[in-house]
1. For region 362-392, which positions are touching a Cys at 6+ places or on another chain (Cβ under 8 Å) and within 16 Å of Pro210 (Cα to Cα)?
2. Which residue out of Ala168, Ala142, Ala120 is more than 23 Å from Leu190 (Cα to Cα), hydrophobic (A, V, I, L, M, F, W, C) and in contact (Cβ under 8 Å) with a residue 12 or more places away in the chain?
3. Is there any pair linking a residue in region 340-353 that is part of a helix (DSSP H, G or I) to one that is of a type in the set (Gly, Ala, Ser), with Cβ under 7 Å and at least six apart or on different chains, and which?
4. Within region 137-153, restricting attention to residues that are touching a helix residue (DSSP H, G or I) at 6+ places or on another chain (Cβ under 8 Å) and within 20 Å of Tyr32 (Cα to Cα), which residue is surrounded by the fewest Cβ atoms within 10 Å (Cβ to Cβ)?
5. Restricting to region 179-212, and then to whatever is surrounded by 19 or more Cβ atoms within 10 Å (Cβ to Cβ) and β-branched (Val, Ile, Thr), can you tell me which residue is nearest to Tyr228 (Cα to Cα)?
6. Mind telling me which of the residues Ala359, Ala336 ends up being surrounded by 13 or more Cβ atoms within 10 Å (Cβ to Cβ), within 27 Å of Asp215 (Cβ to Cβ), aliphatic (A, V, I, L, M) and out of contact with any Gly (no Cβ under 9 Å at 6 or more places or on another chain)?
7. For region 54-69, which positions are over 15 Å from Val273 (Cβ atoms) and assigned to a helix (DSSP H, G or I)?
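The values are calculated or read from the model by the stated rules, or taken from the named source; none is laboratory data. Please read all numbers here as calculations on a predicted model, not as lab measurements. When we count neighbours, we look across all protein chains shown, and the Cβ atoms used for this are built from the backbone with ideal geometry, even at glycine.
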Amino acid sequence: MTPHTADRPFVDTLQVVFKVAERCNIDCDYCYYFNMGDTRALARPPVVDPDRAEAVGQWIAQGCQDLGIEKVLVSFHGGEPMLLKPRIFDRICASLRAAIEPHASLGFAIQTNGTILSPAWLEAFSRHRVHVGVSIDGDRLAHDRHRLDKRGRSTFAKTRHNLERLVAWSAGERGLGPSTISVLDWRNDLCGIYRGFREMGIREMSFLLPDRSRDDGFTGEDETAAAYGQQLADVFEAWLKEDDASVFVRQIDRTLARFRLGGPMRSETVQIVVVQSDGSIALNDSYIPALSWYRKLPQTSVDDTPLRDHLTLVRALEAKAGLHRLPSRCEGCAWASLCRGGDVENRYSRDGGFDNPSAYCEGYQVFYARVRDLLVANGYPQEVFETRLEGAA
């Protein structure tokens with residue numbers, strides 16, 4: 001493996017979020033990519049050209065050689081990535097494998113809204129062992145609060161039906177999924193949603209806080225940060241009650257990682273790179289809620305900027321903005337070592353930049369306190385919890 005130096009950033013796993021489609025067939029009102037003020041995606045090609053994808057593969061392969069990266073995950077995103085024809089998707093996967101696999105292990109994932117699925121798609125997923133993630137917010141009521149089509153109609157029936165087909169297709173093989181991503185809404189019953197997913201056979205889930213910056217605030221009297229923290233706590237309680245450690249909930253796994261017994265854990269260094277349909281390279285686009293900062297960032301291309309140079313630029317930009325620095329107002333907080341200020345986009349304000357507590361600060365406190373209480377009530381030693389919490393700082 002290539003040794004890392006100042007100009008060779010150390011990366012265990014390179015995750016490439018590949019925007020193979022820059023359009024969508026539905027219109028989720030909370031979508032950060034299309035509905036938070038950044039319209040640049042509409043100026044890029046609606047779908048990636050296979051030749052452009054081949055160039056992306058060569059760029060990744062060269063980056064693996066330059067930096068000694070041994071593991072790559074290409075995650076196909078959009079827009080809606082399944083607006084591609086399945087034969088084009090198959091061709092893109094084949095070209096990426098031909099370029100990257102001689103230099104690194106390669107995995108594929110796709111994140112879809114679940115409204116499009118055909119036998120040809122399932123064949124392509126099987127051929128290239130693609131892990132399929134489906135965006136679904138829960139039951140019909142929860143899902144249709146935000147995830148409607150462009151004519152304002154429900155997308156729930158199609159999404160649920162195709163999710164059930166994917167469960168049957170994967171036959172319980174974890175590497176294929178399907179997994180789910182659900183965006184929280186303070187009005188939803190998260191315990192019921194968790195149970196509903198489990199009844200469908202879903203074993204991998206993620207529950208996301210809605211995208212917002214500090215400037216956005218909350219929409220009404222009942223929508224509060226604490227309400228979202230309680231929802232995360234509800235998911236944790238439902239997961240704990242089921243008592244099946246094979247069920248993976250991303251937010252729970254990240255929280256409990258600090259408290260697992262059995263010795264220290266080495267955290268994996270995962271570097272996310274976003275490549276758009278025209279081959280331009282962007283900083284992590286989950287930062288879009290910090291739009292007044294995000295839209296000023298320079299964009300490079302796979303044609304003119306090697307991965308090594310891009311990562312050097314990214315780390316300089318993130319350091320300058322203080323993205324990975326604990327906000328000054330968080331110092332001394334009992335939970336600071338767990339949340340580290342939360343997702344950086346939720347800390348942003350036009351006046352204070354990223355040096356703010358998360359918009360969800362109160363919610364994190366509710367969640368972590370409930371996790372502590374439930375762990376201790378179920379026999380986890382409180383003194384070990386407190387020691388691990390202090391040691392995680």
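1. Within region 362-392, Tyr364 is the sole residue that qualifies.
2. Values: Ala168 fails: in contact (Cβ under 8 Å) with a residue 12 or more places away in the chain; Ala142 fails: more than 23 Å from Leu190 (Cα to Cα).
Just a single option satisfies the conditions, and that option is Ala120.
3. Glu345/Ser213; Glu345/Ser286; Glu345/Ala290; Asn346/Ser213; Asn346/Ser358; Asn346/Ala359; Arg347/Gly341; Arg347/Ser358
4. Among those that are touching a helix residue (DSSP H, G or I) at 6+ places or on another chain (Cβ under 8 Å) and within 20 Å of Tyr32 (Cα to Cα), it is Asp144.
5. Across region 179-212, the extreme among qualifying residues is Val183.
6. Values: Ala359 fails: out of contact with any Gly (no Cβ under 9 Å at 6 or more places or on another chain).
Going through Ala359, Ala336 in turn, the sole match is Ala336.
7. Across region 54-69, the qualifying residues are Glu54, Gln65.
Each row is one residue, and each column tells you yes or no for (1) modelled with pLDDT under 95; (2) in contact with a Leu (Cβ under 6 Å, 6 or more places away or on another chain); (3) over 28 Å from Trp239 (Cα atoms).
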{"site": "Tyr348", "(1), (2), (3)": "no, no, yes"}
{"site": "Asp351", "(1), (2), (3)": "yes, no, yes"}
{"site": "Ser358", "(1), (2), (3)": "no, no, no"}
{"site": "Gly363", "(1), (2), (3)": "no, no, no"}
{"site": "Arg372", "(1), (2), (3)": "yes, no, no"}
{"site": "Leu375", "(1), (2), (3)": "yes, no, no"}
{"site": "Gly379", "(1), (2), (3)": "yes, no, no"}
